[in-house]
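Trainee: So that we are looking at the same thing, I have put the structure below in structure tokens.
The values are calculated or read from the model by the stated rules, or taken from the named source; none is laboratory data. On a predicted model such as this, the values are computed, not experimentally measured, just so you know. Glycine gets a Cβ as well: all are built from the backbone with ideal geometry, and neighbour counts include every protein chain shown. The protein model used for the area step is the full one, side chains on, heavy atoms only, and it has no ligands, DNA or RNA in it. Shrake-Rupley method; radii C 1.70, N 1.55, O 1.52, S 1.80 Å.
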Amino acid sequence: MPLAPVTDEVEQLSLPWVEPPDLDEIFRRVFRRLRIKTPVTRISARFHPFAGLRSTISLRNGEVEARVADVLSDASQVVLEALAEILLARIFRRRPSREARECYLAYTFRPAIRSRIDQARRQRGVKRLLPPRGLCYDLEEIFQQLNHRFFHGQLPKPRLGWSYNHARTLLGHYDSGHTAIMLSRKLDSPAVPRYIVEYVVYHEMLHIRFPVERRGQRRVVHSREFREAEKKFPKYVQACRQLKRLCAS
């Protein structure tokens with residue numbers, strides 16, 4: 001249940017210095033290899049200090065401009081070519097090859113790279129939370145009770161807080177970079193039963209217990225183990241139905 005993107009701040013991240021690759025040439029080479037027939041007058045690509053792994057690409061007036069997260073600055077040429085293929089395929093309505101997707105995911109799921117991504121998000125991103133004690137519900141109290149009940153008290157406590165806005169469809173979010181659980185203020189209401197808030201907190205706690213996995217070409221956010229554990233919540237079915245009504249109201 002993602003709630004809100006982490007915002008960017010320009011701040012220098014401590015990365016090992018290596019000779020930067022020629023991103024322009026990498027993107028041009030991949031463009032030629034894909035045999036894209038759309039006329040393009042210029043291809044420009046550069047590293048950018050994003051707060052995480054985000055990379056962007058745009059096509060305007062025949063010019064392609066790509067910005068690649070600088071946490072990938074020391075990736076091999078093969079990995080950068082795989083990313084270039086994925087980004088170029090996005091704007092030219094192509095399907096990137098299986099090899100490109102697997103190569104890129106395999107690299108970005110390395111523990112050292114995940115650690116670097118989280119470091120970038122912590123140093124450059126801003127996670128604004130309201131205090132965990134809301135008008136009706138105290139998220140710290142709920143976390144402690146759920147931790148004792150379902151996790152034997154062994155789950156490390158993240159930052160907890162309410163969102164600044166009343167998000168209607170994105171009701172909860174766990175941010176691994178900031179180790180934070182945020183709930184929408186829409187849930188902090190006497191009209192919302194306590195078990196609904198408990199279920200959303202429990203769902204986000206499961207993201208700590210079962211981190212995102214890589215399976216082939218896919219990122220698995222909700223694994224089979226995650227789903228099985230989620231159904232152990234006593235009012236799982238009722239909570240899901242109520243949340244759908246809340247999102248639609």
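Trainee: With the Cα gyration tensor of segment 137-208 giving a ≥ b ≥ c as the square roots of its eigenvalues, does the rule (a/c under 1.5 for rounded; else a/b larger than b/c for prolate; else oblate) give rounded, prolate or oblate?
Mentor: On the way: a/c = 2.07, a/b = 1.31, b/c = 1.59.
Oblate, because a/c is 1.5 or more while a/b does not exceed b/c.
Trainee: Taking amide H positions as placed in the peptide plane 1.01 Å from N, state which residues far from ARG133 in sequence (5 or more) or on other chains have amide H under 5 Å from it.
Mentor: LEU139
Trainee: Moving on to the next point. Could you give each residue of segment 113-123 its phi-based ³J(HN,Hα) in whole Hz, using Karplus coefficients 6.51, -1.76, 1.60 with θ = phi - 60°, and x for Gly or Pro?
Mentor: Taking θ as phi minus 60°, the curve returns 6, 4, 5, 5, 4, 4, 4, 5, 5, 5, 6 Hz for segment 113-123.
Trainee: Computed FRET efficiency, Cβ-Cβ of TYR236 and HIS48, R0 45 Å: what is it to the nearest 0.05? Before the final figure, lay out each step's value.
Mentor: Working: r = 42 Å, r/R0 = 0.92.
About 0.60, to the nearest 0.05.
Trainee: Hey, quick one: spin label on ASP22, modelled 7 Å out along Cα-Cβ, who in segment 47-78 has an amide N within reach, i.e. under 20 Å?
Mentor: Counting backbone N atoms under 20 Å from the label point, the list is 47-48, 64-68, 73-78.
Trainee: Could I ask something else about it? Please compute the per residue accessible area over segment 71-133 with all protein chains in place, 1.4 Å probe, rounded to a whole number of Å². Before the final figure, lay out each step's value.
Mentor: Details: 3240 Å² over 63 residues.
Counting only protein heavy atoms, the per-residue value for segment 71-133 is 51 Å².
Trainee: While we're here: Could you work out the helix-only [θ] at 222 nm for the chain, with each DSSP H run of four or more residues adding -39,500 (n - 2.57) and the total divided by the number of residues, to the nearest 500 deg cm²/dmol?
Mentor: Details: 8 runs with 99 residues, N = 249.
Value at 222 nm, helices only: -12500 deg cm²/dmol.
Trainee: Let me ask you something else. Please compute the contact order of segment 171-227 in relative form: average sequence separation of alpha-carbon pairs under 8 Å and at least six residues apart, divided by the residue count, as a percent.
Mentor: 28 percent.
Trainee: Name the shape class, rounded, prolate or oblate, that the alpha-carbon gyration tensor gives for segment 168-227, where a ≥ b ≥ c are the square roots of its eigenvalues, rounded holds for a/c under 1.5, and otherwise prolate holds if a/b is larger than b/c and oblate otherwise. Don't jump to the answer; show the numbers that get you there.
Mentor: Numbers: a/c = 2.52, a/b = 2.11, b/c = 1.20.
Taking the square roots of the gyration eigenvalues as a ≥ b ≥ c, segment 168-227 is prolate.
Trainee: If you don't mind, there's one more thing I want to ask. Peptides 137-146, 233-242, 199-208, 35-44: what's the order by average Cβ count within 10 Å, highest mean first? Show your work: numbers first, answer last.
Mentor: Working: 137-146: 16.9, 233-242: 14.8, 199-208: 22.0, 35-44: 11.8.
So the order, starting with the most tightly packed, is 199-208, 137-146, 233-242, 35-44.
Trainee: Between GLN145 and GLU102, what FRET efficiency follows from the Cβ-Cβ distance if R0 is 35 Å, with the result rounded to 0.05?
Mentor: Values: r = 42 Å, r/R0 = 1.19.
Result of the calculation: an efficiency of 0.25.
Trainee: Roughly speaking, what is the stretch gain from GLN77 to ARG218, that is 0.36 nm per residue apart minus the C-alpha to C-alpha distance, in nm to one decimal?
Mentor: Values: separation 141, 0.36 × 141 = 50.76 nm, distance 2.19 nm.
Taking GLN77 through ARG218 to full extension adds about 48.6 nm, to one decimal.
Trainee: May I ask you to order 68-78, 176-186 by the average number of other C-beta atoms within 10 Å around their residues, highest value first? Walk me through the intermediate numbers first.
Mentor: Details: 68-78: 18.8, 176-186: 21.1.
Ranked by mean Cβ neighbours within 10 Å, highest first: 176-186, 68-78.
Trainee: Let me check I have the definition right: for the chain, take the eigenvalues of the Cα gyration tensor, multiply each by 5, take square roots. What are those semi-axes in whole Å, largest first?
Mentor: Equivalent ellipsoid of the chain: 39, 19, 18 Å, largest first.
Trainee: At R0 = 22 Å, how high is the FRET efficiency between HIS166 and ARG194 if r is their beta carbon distance? Nearest 0.05 is fine.
Mentor: 0.75
Trainee: Evaluate the charge dipole of the chain about its Cα centre and quote only its size in Debye, nearest 20, assuming +1 on the Cβ of each Lys and Arg and -1 on the Cβ of each Asp and Glu. Working shown, then result.
Mentor: On the way: 46 positive and 27 negative charges, 228 e Å.
Here the chain has a charge dipole of around 1100 debye.
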